[in-house]
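Working notes, beginning with the structure itself.
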Amino acid sequence: MKFNTVVMGGGLTGLTCGIALAKAGQRVAVVATGQSSLLFASGSLDLLGYDAQGAPVANPVEAIKTLPESHPYNKVGDVEALAAEAQALLAEAGVKTTGQATANHNRLTPIGAVKPTWLSLDGYLTIDGDKLPYNKVALMNVIGYLDFPTKFIADGLRQMGADVEIKPITLPELNEARKSPTEMRATNIAKVLGNEDIVLRLAAEINAKAGDAEAILLPAVLGIKEDVLAQLLKKQVSKPMHYVATIPPSVPGARMQALLRKRFEALGGTFLNGDKVVAGELAGDTLKSVETEKLVGTKLEAENYVLATGSFMGRGLVSDYEKVYEPVFGLDVDYIAERPEWTHDNVFEAQPYMEFGVKTDAQLHVMKDGNVINNVYAAGQVLSGNNKVKLASGEGVDMLTALAVAKNILK
Amino acid sequence: MADEMQLNNISENNFEQCLKCSICTAYCPVSGVSPLYPGPKQSGPDGERYRLKDPKFFNEALKMCLNCKRCEVACPNGVNVGDIIQKARMKYYTGKPKLRDMMLANTDFVGSMATIVAPIANFALGLGVSKAVMDTVMAIDKHRTFPSYAATKFESWFKKHAAAEQDKYSKHVSFFHGCYVNYNYPQLGKDLVKVMNACGYGVHLLDKEKCCGTALIANGLYGQAKKQGETNMESMRQAIAKGRTVVTTSSTCTFTMRDEYHHLLDMETGDVREHLTLATRFLFQLIDEGKLKLAFRDDYKKRVAYHTACHMERMGWVVYSTQLLKMIPGLDLVMLDSQCCGISGTYGFKKENYETSQKIGEPLFKAIAEANVEAVSTDCETCKWQIEMSTGVPVLNPISIIADALDVEKTIELNKNRIIVLRN
């Protein structure tokens, strides 16, 4: 099977790269192994939340200039332009966001902490500085929904000086769903709240319980495939209403995954769901073809390949007792040889293993045994040099390196 | 030592790899529609921890699993959630299948009987009074339209009209037609013969073909499923020994024989697995390797939506059927979101499941209505019944579309020249 580019990985990185290439007219295949870490997404996208010293960042574009040379942002070119391109790519896929690369805003985490971020999905609560735009809010939650610790969130809001009332809400359909309490997850609630009629009744329930609050906050449990119903609810509620991130599985994450895949396929891309690349045929410094687990006997041949397989969670990197390795091609990986140095005893400290990843040259080509492979690029969390937890830089690195790789391929 | 520990820690179905992330639940068609179902995570790896300690932790609610395997496709960590659930049902469920379940599961026996009296059977199955009786006595939902039975079985047609010509071809395949082609829709089998013959392949039936057993497994008749499975494997081995690939037109039959025989019924299939394939995959691979060319009619025009059947998704073979269809110049192919249609073989026919079945399929039916297409294409026959009944849009197997769009003369000509070119 012949393509211009084969992308390994169907998460935010792989789909961003796939969309950019397909949009430029390339024939692209994305090989996706199960669902990606988008299902853990917060509903906000980080570019750079903290600098190398751990201080909150106001202007990511400026602060990125101070990152050490080993950070992948140093290989993408014009950060500000690429960030704008990433936001436009999301919008074209139907993922509307607010925010900009030169000025972070704050987001509310599912446990009520306030953290700097780059973009937030439309309809989400965003905070400028450390004060809520409201004096009194009603924090509503679906009865029986456990992945939304209302007390923590209310405390976080109160620290910003707001008066918060927690209000439980429900509908007959939601009560019915509680017959299986363990299945009251955000994604299942979104399925129950999956039609217009029920959303209108939910709006009525919210309006009835709103009291004298100036604004309503609701867990992000609407719109698993598209955000039409989430927008409809916002319109029907008589006061300003914002969504707040929940503990995973993430509804907005599932929606982003669905919308990005749809966009990729609409551009003519081939999405190989539930498959994975297991081997490749290397001839010198060129990758000739790859084989997948499911397409036995059919090689995927392309001019270029992109490794967007993620970090340890996505299995783009694997560790055993002695080493850290890239499991598909055995590419060169940056990591500390001494096993005890991989982790810090204090779990809240920056963990050294978070920066492990595949080695790349300035154009993001990967390497094997010290030699650059000239048609294989890496993007996203599989890259070395980025601690996305410490820097709050995950989605930015995913999207910007993906776009940079697409540009390098199209050159 | 350390390596050994890691290796020995791998359990059946990757059970120990579950991260408890609940992503499987997000993609389970039953969970969220049917609140009494505990969901794939609870029914699968979570429940398994307890069942390993004491079988009394088995719960009958596991019967609500459709065995669609979408949990396995979604799992980021390669846990065979669906297999864990099915295995638990096999191991711990002690109830006996009802008469209704045995009837629905025995597609072979019931099909043979019904085709003999097809006009009467079809007439009777369509009668309001029969439907009412089936609904109340048999608990087969009255809303269901039974797939009609053909007056002539595919096998009878083949023996009478096609078998004699097959030896004149220089290359050969065997065809596992399945119950659906044999008893309900012989036209698909005829289409397969037309396409294969045009490509220069003679088509042959297996020495003995039994129902693949997917409905038997779903209804708890494991012993019978295994017995039929052994017969099929033996027949396929004979065909493979003659150098023939065994082709099929049903994703579920293929999945059952390639994967479920081994995973669920503990059968040895290693020597057969790679010789058993969907006809679309067989054709695509020949074309991809430059061994075959297809020519299509200039006047063929159709807008078709492709529906991904669950087991097709699990096999990862959607790309074969869709890439093949995309070769037809006059075909405008729309990809539908991959989601379960709700029928899941015999599941949707049961009265107790009818409502759940239709609720699961609702988003798909809506998408089909909005796609503004002349037909839907899918590789699964039970999806066809469900979609046709629920949307009124005709459903065609990709092979039937190829057969319709194919320029037979030109295709024969193209491949003749190919052989000459290759010989030169």
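Each reported figure results from applying straightforward, stated rules to the coordinates on display, with no laboratory input. Quick caveat: nothing in here was measured; it's all calculated off a predicted structure. Here the Cβ positions follow ideal geometry from the backbone for every residue, glycine too, while neighbour counts run over all protein chains shown.
Cross-link partners for B:K56 among the aspartates and glutamates, with Cα-Cα distance under 12 Å and sequence neighbours closer than 8 places in the same chain left out: B:E48.
In straight Cα distance, which lysines are under 19 Å from B:K226, not counting same-chain residues fewer than 8 positions off? Correct list for B:K226: B:K87, B:K91, B:K96, B:K208, B:K210.
So what is the relative contact order of chain A, in percent, for Cα pairs below 8 Å that sit 6 or more residues apart?
On the way: 922 pairs, mean separation 95.1, N = 411.
Reported as a whole number, the value is 23 percent.
A Förster radius of 56 Å combined with the Cβ-Cβ distance from A:K235 to B:A241 puts the calculated FRET efficiency at roughly 0.25. Distance from the Cα centroid of the range A:171-241 to that of the range A:99-169 is 17 Å (rounded to whole angstrom).
Simple spin-label estimate for A:F40 and A:E165 gives 3.8 nm between the two label positions (7 Å along the Cα-to-Cβ direction from each Cα).
Could you work out how much longer the chain between A:F312 and A:Q351 gets when fully extended? Use 0.36 nm per residue separation minus the Cα distance between them, nm to one decimal.
Working: separation 39, 0.36 × 39 = 14.04 nm, distance 1.31 nm.
Extending this stretch completely gives an extra 12.7 nm.
Within straight-line reach of A:K2, meaning a Cα separation under 17 Å, sit the following lysines at least 8 residues removed in sequence or on another chain: A:K276, A:K288, A:K294, A:K299, B:K291, B:K293, B:K326. Taking 0.36 nm per residue of sequence separation and removing the Cα-Cα distance, the B:S156/B:D298 pair yields an extension gain of 47.7 nm. Starting from the Cα of A:D212, step 7 Å toward the Cβ, then list every residue of the range A:136-178 with an amide N under 12 Å from that point. Of the residues in the range A:136-178, A:136 have backbone N under 12 Å from the label point off A:D212. Within the shell defined by Cβ-Cβ distances under 10 Å, the residues around B:I401 carry a net charge of -1, with Lys and Arg each +1 and Asp and Glu each -1.
Neighbour counts of other Cβ atoms within 10 Å put A:F40, B:F154 in the fewest-to-most order A:F40, B:F154. Taking 7 Å steps out from each Cα toward its Cβ at B:L19 and B:H275 produces label points 4.1 nm apart. Where q = 0.05, 0.08, 0.09 Å⁻¹, what log10 of I(q)/I(0) comes from the Debye formula for the protein assembly as shown, counting one point per Cα? Per q value, in the given order, log10 I(q)/I(0) is -0.29, -0.75, -0.94. Taken over the C-alpha atoms, the range B:2-92 has Rg and Dmax values of 13.0, 45 angstrom. When the C-alpha to C-alpha distance is required to be over 18 Å, the pairs from A:K115/A:K209; A:K225/B:K366; B:K41/B:K359; A:K262/A:K388 that qualify are A:K115/A:K209; B:K41/B:K359; A:K262/A:K388.
Given R₀ = 30 Å, what would the calculated FRET efficiency be for A:A283 paired with A:E322, taking r from the Cβ atoms and rounding to 0.05?
Details: r = 30 Å, r/R0 = 0.99.
The calculated FRET efficiency here is 0.50.
Distance between Cα centroids, the range B:33-78 to the range B:380-401: provide it in whole Å. If you average the Cα positions of each part, the centres end up 29 Å apart.
Here chain B was treated as a single set of alpha-carbon atoms; its pair distances binned every 10 Å from 0 give 4, 20, 31, 26, 13, 4, 1, 0 percent.
Here is how the number arises for the protein assembly as shown: DSSP H runs of 4 or more residues each give -39500 (n - 2.57), the sum is divided by the residue count, and the result at 222 nm is -10500 deg cm²/dmol.
For the range A:294-398, applying the loop criterion from DSSP together with a ceiling of 13 other beta carbons within 10 Å to the chymotrypsin sites (Phe, Trp or Tyr not before Pro) yields A:Y321, A:F348. Using the average count of surrounding beta-carbon atoms within 10 Å as a protection proxy, the listed peptides B:80-93, A:277-290 rank, highest first, as B:80-93, A:277-290. Computed over the range B:239-376, relative contact order equals 22 percent, with contacts defined as Cα pairs under 8 Å that lie 6+ residues apart. Working from label points 7 Å from Cα in the Cα-to-Cβ sense, the B:E268 to A:N135 distance is 8.2 nm. For the segment A:190-202, counting C-beta atoms of other chains within 10 Å of every residue's C-beta and taking the mean gives 2. Legend: ranking of residues A:D128, B:D108 from fewest to most surrounding C-beta atoms inside 10 Å; resulting order A:D128, B:D108.
Using a cutoff of 8 angstrom between alpha carbon atoms and counting only pairs six or more residues apart, the relative contact order for chain B works out to 15 percent.
For the protein assembly as shown, a crude dipole built from +1 on the beta carbon of Lys and Arg and -1 on the beta carbon of Asp and Glu, taken about the Cα centre, is about 2460 debye to the nearest 20. For B:M102, what is the net charge nearby, where nearby means another residue's Cβ is under 13 Å from its Cβ and Lys, Arg count +1, Asp, Glu -1? Counting the neighbours of B:M102, the net charge comes to +2.
Quarter the surface of the alpha carbon convex hull of the range A:62-170 and you get the mean projected area, 8.9 square nanometres.
For the range A:186-216, which trypsin sites (Lys or Arg not before Pro) are in a loop by DSSP, counting at most 15 other Cβ atoms within 10 Å?
Numbers: sites: A:K191, A:R201, A:K209; in loops: none.
Filter output for the range A:186-216: empty list.
The calculated FRET efficiency for A:N175 paired with B:T145, based on their beta-carbon distance and R0 = 41 Å, is about 0.75.
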